[in-house]
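**Student:** Below you'll find the structure I mean.
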Amino acid sequence: MRINFQFVETQSLTSISWRAWPANVLTFCNLGAGALVAWWAASEFDLGWAAAEWAASIGADGWLMEAMRVSERRVMGIYLMLAVWGFGVVCDVLDGAVARAMGADGKQGALLDSMADLVSGGLAPAFVGMALMKEWSISGLSLWEGSWTAGLPLLILPAAAWRLARYAGEAISETSKEEGLDFEGIPAPFSALWWGLLLLAWADWSGEGGAWLWLSGLAGGTLLPLWMSSRFPQFGLKAWGRDRRMDGARLAWILGVVFLVVFGGSTGLFLALISYPMMGAILHRTLLTN
């Protein structure tokens with residue numbers, strides 16, 4: 001009896017492709033969320049109004065303001081941007097785990113994930129950062145005269161592209177990674193977390209002591225791109241279950257960030273922003289060198 005191996009191979013690939021759809025849907029949600037945030041941020045420098053007008057166009061602005069307990073439509077728009085962006089980040093965290101659980105993780109999924117991260121972790125934070133720096137300059141929070149610093153966050157986009165291309169190239173070539181942290185260089189989604197937290201701080205800004213916002217933005221437009229394109233060892237949030245010590249460190253970092261954001265005020269927010277690269281350095285020097 002002859003077996004049609006081509007038919008068997010086609011059936012196997014078809015089965016794998018169907019199992020990959022749940023993870024792919026999550027990745028596409030991350031891509032769409034990042035694109036929507038980038039569109040809202042690029043529509044006008046006065047952040048929040050584009051999202052608020054979009055909500056009004058579908059008749060959702062009233063109940064959104066009530067649900068968010070805000071009286072200003074612009075603040076509601078910023079919260080809407082953060083909600084959409086945060087949804088994309090959650091999808092990005094889950095897509096790899098879902099792919100592995102379904103037995104459908106592969107090179108195509110890794111490349112698709114990188115392309116989605118380029119939008120949600122490269123394009124969106126670049127546009128949000130540029131708009132925020134422009135607003136802070138107009139509001140008098142800038143410590144340097146001139147508005148040229150507003151263009152610095154655009155460096156996030158090429159840095160994210162460089163880092164993701166390097167990561168994807170190593171995944172395709174199956175380059176073996178030395179024992180250590182999960183990858184090298186700050187991951188692109190961290191830039192979304194950085195600028196998302198600064199956007200949240202701007203929405204809740206009381207009008208006093210805002211110079212730290214501009215300084216954090218300056219670091220986000222200069223140091224952050226350098227961290228992303230560097231070979232600095234870092235830990236990820238998608239590799240749960242591989243090492244108990246690393247799992248404990250990840251959980252401790254997440255709980256620490258939540259505590260700092262909720263109870264630490266502006267100082268806590270700034271510490272939360274810089275805690276990720278610092279945590280990577282600590283883990284590299286302690287857990288993985290002993």
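The values are calculated or read from the model by the stated rules, or taken from the named source; none is laboratory data. For clarity, every value in this text was computed on a predicted model and none was experimentally measured. Heads up, the Cβs are rebuilt from the backbone with ideal geometry, glycines too, and the neighbour counts pull from every protein chain shown.
**Student:** Could you count how many residues in the stretch 185-204 are surrounded by fewer than 19 Cβ atoms within 10 Å (Cβ to Cβ) and either at pLDDT below 80 or among the hydroxyl-bearing types (Ser, Thr, Tyr) (or both)?
**Tutor:** So the answer is 0.
**Student:** Failed condition for Phe259, given (1) at pLDDT 80 or above; (2) in contact with a Ser or Thr (Cβ under 7 Å, 6 or more places away or on another chain); (3) of a type in the set (Phe, Trp, Tyr), with all others met?
**Tutor:** (2)
**Student:** Taking the stated definitions as given, is Leu64 over 30 Å from Ala165 (Cβ atoms) and within 19 Å of the chain's Cα centre (by Cα)?
**Tutor:** Values: over 30 Å from Ala165 (Cβ atoms): yes; within 19 Å of the chain's Cα centre (by Cα): no.
Spelling it out, it is not the case that Leu64 is over 30 Å from Ala165 (Cβ atoms) and within 19 Å of the chain's Cα centre (by Cα).
**Student:** Now for a different question. Which of the numbered conditions does Lys107 fail, given that it passes all the others? Conditions: (1) surrounded by fewer than 16 Cβ atoms within 10 Å (Cβ to Cβ); (2) within 15 Å of Leu26 (Cβ to Cβ); (3) among the charged types (D, E, K, R).
**Tutor:** Checking Lys107 against (1) surrounded by fewer than 16 Cβ atoms within 10 Å (Cβ to Cβ); (2) within 15 Å of Leu26 (Cβ to Cβ); (3) among the charged types (D, E, K, R), the one that fails is (2).
**Student:** Give the residue, chosen from Ala101, Ala56, Ala97, that is of a type in the set (A, V, I, L, M, F, W, C), touching a Lys or Arg at 6+ places or on another chain (Cβ under 7 Å) and more than 19 Å from Ala35 (Cβ to Cβ).
**Tutor:** On the way: Ala101 fails: touching a Lys or Arg at 6+ places or on another chain (Cβ under 7 Å); Ala56 fails: touching a Lys or Arg at 6+ places or on another chain (Cβ under 7 Å).
It is Ala97.
**Student:** Now for a different question. Hey, can you tell me all the residues within the stretch 188-218 that are touching a residue at least 24 places away in the same chain (Cβ under 8 Å) and small (Gly, Ala, Ser)?
**Tutor:** Ala188, Ser191, Ala192, Gly196, Ala201, Ala203, Gly209, Gly210, Ala211, Ser216, Gly217
**Student:** Right, another one. Considering (1) β-branched (Val, Ile, Thr); (2) modelled with pLDDT under 90; (3) more than 27 Å from Ala110 (Cβ to Cβ), say which one Thr222 fails and leave the rest.
**Tutor:** Result: Thr222 passes all but (2).
**Student:** OK, next. Has the stretch 3-25 got at least one residue that is closer than 27 Å to Trp202 by Cβ, modelled with pLDDT of 85 or more and in a helix (DSSP H, G or I)?
**Tutor:** Residues of the stretch 3-25 that are closer than 27 Å to Trp202 by Cβ, as a first pass: none.
No.
**Student:** Shifting gears a bit: Taking the conditions exactly as written (surrounded by 14 or more Cβ atoms within 10 Å (Cβ to Cβ), closer than 21 Å to Leu198 by Cα and free of Cβ contacts under 8 Å to residues at least 12 places away in the same chain), does Trp85 satisfy them or not?
**Tutor:** Working: surrounded by 14 or more Cβ atoms within 10 Å (Cβ to Cβ): yes; closer than 21 Å to Leu198 by Cα: yes; free of Cβ contacts under 8 Å to residues at least 12 places away in the same chain: no.
In short, no.
**Student:** Could you please give the count of residues in the stretch 50-67 that are surrounded by 12 or more Cβ atoms within 10 Å (Cβ to Cβ), free of Cβ contacts under 8 Å to residues at least 12 places away in the same chain and closer than 18 Å to Leu200 by Cβ? Step through it out loud before you land on a result.
**Tutor:** Keep residues of the stretch 50-67 that are surrounded by 12 or more Cβ atoms within 10 Å (Cβ to Cβ), which gives 50-56, 60-62, 64-65.
Now drop any that are not free of Cβ contacts under 8 Å to residues at least 12 places away in the same chain, which leaves 60, 62, 65.
After this cut, where a residue has to be closer than 18 Å to Leu200 by Cβ as well, the list is 65.
Number satisfying all stated conditions: 1.
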